[in-house]
Amino acid sequence: MKLKNIILTTLAAIALTSCYTSSRISKFSSENIKLGIDKNLFIKRFGKPFNKEISYTQDNQEKEKLFYKEELNKGTWYIITTAFTFIDDKLIKQEVVKEERTFQKCDCNK
């Protein structure tokens, strides 16, 4: 009985830890997203943004910027904020607007 519990515990630990992968590549890498994609299709594919800005261009077209955040591991953990700009519901621009480390280096000599 004791051996059975050890085996089950070991298998459960392996199953739970072997599935973890750290994200090193943004889901918004430019090869996945094409300029000109419809805003509703974009939101359906990537989900709702955490924030947005809306304005009008000089020629009265609606301009909307959607902001998405994701965690990436590039040797250390970062939160990357990517903005997508749509004019009249068509994607015209993708840009990384912020990269912030989630943990600061420790100054342990204080």
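Points to keep in mind about this one:
- Structural descriptor for region 22-101: relative contact order 29 percent, calculated from alpha carbon pairs under 8 angstrom and at least 6 residues apart.
- Per-q log10 I(q)/I(0), region 23-107, q = 0.12, 0.13, 0.22, 0.23 Å⁻¹ (Debye; single scatterer per alpha-carbon; no solvent): -0.40, -0.46, -1.05, -1.13
- Scoring 46-53, 66-73 by mean Cβ neighbours within 10 Å over their residues and listing the highest first yields 66-73, 46-53.
- For Lys27, the lysines whose Cα comes closer than 29 Å to its Cα, not counting residues fewer than 8 places off in the same chain, are Lys39, Lys44, Lys48, Lys52, Lys63, Lys65, Lys69, Lys74, Lys90, Lys93, Lys98, Lys105.
Taken together, the values in this text are just the output of simple stated rules run on the coordinates, not laboratory data. Bear in mind the structure is a predicted one, so any value in this text is a computation, not a measurement. Quick reminder, even Gly has a Cβ in these numbers, built from the backbone with ideal geometry, and neighbours come from all protein chains shown.
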